[in-house]
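Encoded as structure tokens, the structure appears first; notes follow it.
The values are calculated or read from the model by the stated rules, or taken from the named source; none is laboratory data. Because the structure is predicted, anything quoted here is derived from the model rather than measured. Cβ atoms come from the backbone with ideal geometry, glycine included; neighbour counts cover every protein chain shown.
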């Protein structure tokens, strides 16, 4: 009788284990072989539509400010290198906030953090609309930069709402909204600036941001998977079911009781450890911010001394004083502070449990060189974007003498190409692979930048050159990003994509500072009005534009070298699977 009862218990035990293995096998099959017939829910489309509106609004608000750069320089009475901070401050705040926002959304919920970020962004827009001094405008730009933290949350929401095999649809739509927002910003924003002034552009964003805030609060309903990292690699929910079955087995099989208790405690401790690792890397964020700001201030303070050929406009004072010795001391001090902060940042990241930049991932050459290309893409793109409005609106013979509307027409082809080639480049990459479009994209981008350097005498030539650059950037960015994703271990995907976004934004923040430095160091005085009583003002000379476009070309050439190195690396799939690359072991 006892043996029969024991056999029955053992049979139940084996049946339970068989059920667990069967369910696990089914789950693995569903992951490995996605169901093409799985439909996208109505709620997913609703969330995607709202997030797309947010992306359009943000890119519109930033693009429409670009043609107004000369107006901001004039109204705030700042120099060209100082004016670069209007874009740099926004990008710098976004660079620091992007990885932090992603982690906060995992801890406290995506919708809650998205609402907070939207409130901060709306406050920044309101401050910018009423700003009367340069420093208040910088504060507003920093608030708006925090709004960039909504983008990693948006992509995470799409991943949670869309079927696995259809996530690319949602990401492609949101990516295309960036380009559509920039087109709207150039067309609509240029007209608003022309007839109503740059303050009005921010006023138009205020009701849209408030409306989107209310829409998110009422209509966005997403399930937060806050403890995804705490789950085992083999689907956490199945392991929990397996543990429950094991707990039931303890009553029937006494000798397994101690083992199961130990196993359960081990799992609980592992989950607690994982939760601890989700802490924010505050020290890393602060040291990175100090390092970037210090290096950018070095570019800002690098001005020629009085007596050199370049001329500084008396109506455009900069941060520097007229004392060259004092200026040199300030520049060197910021350089030392920036280098020491960067070294401190590296040391902090090596010890952090949840770093902003995972240096062990950067040990993979494919990921490292891919991120260098993304850094160059961000740097060169904004290096030129800061320059074109000044070139277009500066008076003859140093510029085209265009109005705001005419200046925006030069950049519209660039945005339209991004709108077209952004989604289609992803399709091309899926057909041809990532390496060929990546190498071709870097080559096309380099040709485009060299064309701007050699041929920028008319609006039409600059517009065509920018269109060529846009085609190259589309292929290069999508190809590189796909290579980085494929070269990253699955458990490190979140931190890898966040790291790549951070590096690209850092490059975007450096670009305007370099452009402002060149425009301030090479200037020429012109009479405005053509009479003897006309006012005189200093504008960037032709040498400044040559230096800027040549710098973009040289940087782009280096990206070709990085792309070729990645293309020759045939061991990508083997490298990324090494255990030392797993961030979860940190």
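Could you check the range 42-90 for helices (runs of 4 or more DSSP H) lying wholly inside it with 2 or more residues that are surrounded by fewer than 23 Cβ atoms within 10 Å (Cβ to Cβ) and touching a residue at least 60 places away in the same chain (Cβ under 8 Å)?
Ranges flagged: 42-63, 69-76.
Checking residue 97 against (1) within 28 Å of the chain's Cα centre (by Cα); (2) modelled with pLDDT of 85 or more: exactly one of these is not met. Which one?
All conditions pass for residue 97, except number (2).
Of 154, 93, 128, which residue is part of a helix (DSSP H, G or I), in the same structural domain as residue 64 (by TED's automatic domain parsing), within 30 Å of residue 393 (Cβ to Cβ) and touching a residue at least 60 places away in the same chain (Cβ under 8 Å)?
Working: 154 fails: within 30 Å of residue 393 (Cβ to Cβ); 93 fails: touching a residue at least 60 places away in the same chain (Cβ under 8 Å).
Just one listed residue meets the conditions, 128.
Is it fair to say residue 205 is more than 19 Å from the chain's Cα centre (by Cα), more than 19 Å from residue 44 (Cα to Cα), in the same structural domain as residue 78 (by TED's automatic domain parsing) and at pLDDT below 85?
On the way: more than 19 Å from the chain's Cα centre (by Cα): yes; more than 19 Å from residue 44 (Cα to Cα): yes; in the same structural domain as residue 78 (by TED's automatic domain parsing): yes; at pLDDT below 85: no.
Answer is no for this residue.
Would a scan of the range 325-332 turn up a residue that is modelled with pLDDT of 85 or more and surrounded by fewer than 16 Cβ atoms within 10 Å (Cβ to Cβ)?
Within the range 325-332 (the criterion being modelled with pLDDT of 85 or more and surrounded by fewer than 16 Cβ atoms within 10 Å (Cβ to Cβ)), the answer is yes, since at least one residue qualifies.
To keep it simple, each residue is scored yes or no on (1) within 26 Å of residue 59 (Cα to Cα); (2) within 16 Å of the chain's Cα centre (by Cα); (3) surrounded by fewer than 24 Cβ atoms within 10 Å (Cβ to Cβ).
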position: 406; (1), (2), (3): yes, no, yes
position: 429; (1), (2), (3): yes, no, yes
position: 432; (1), (2), (3): no, no, yes
position: 435; (1), (2), (3): no, no, yes
position: 439; (1), (2), (3): no, no, yes
position: 449; (1), (2), (3): yes, no, no
position: 482; (1), (2), (3): yes, yes, yes
position: 500; (1), (2), (3): yes, yes, yes
position: 505; (1), (2), (3): yes, yes, no
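Tally time: how many residues in the range 367-395 are out of contact with any strand residue (DSSP E or B) (no Cβ under 7 Å at 6 or more places or on another chain) and surrounded by fewer than 20 Cβ atoms within 10 Å (Cβ to Cβ)?
Of the residues in that region, 1 qualify.
Here is a list of conditions, (1) surrounded by fewer than 17 Cβ atoms within 10 Å (Cβ to Cβ); (2) at pLDDT below 90, and residue 398 meets all of them except one; can you say which number that is?
Every listed condition holds for residue 398 apart from (1).
Going by the structure shown, is residue 352 in the same structural domain as residue 447 (by TED's automatic domain parsing) and within 30 Å of residue 283 (Cβ to Cβ)? Outline the logic, then answer.
Numbers: in the same structural domain as residue 447 (by TED's automatic domain parsing): no; within 30 Å of residue 283 (Cβ to Cβ): yes.
Here the answer is no, as residue 352 does not meet what is asked.
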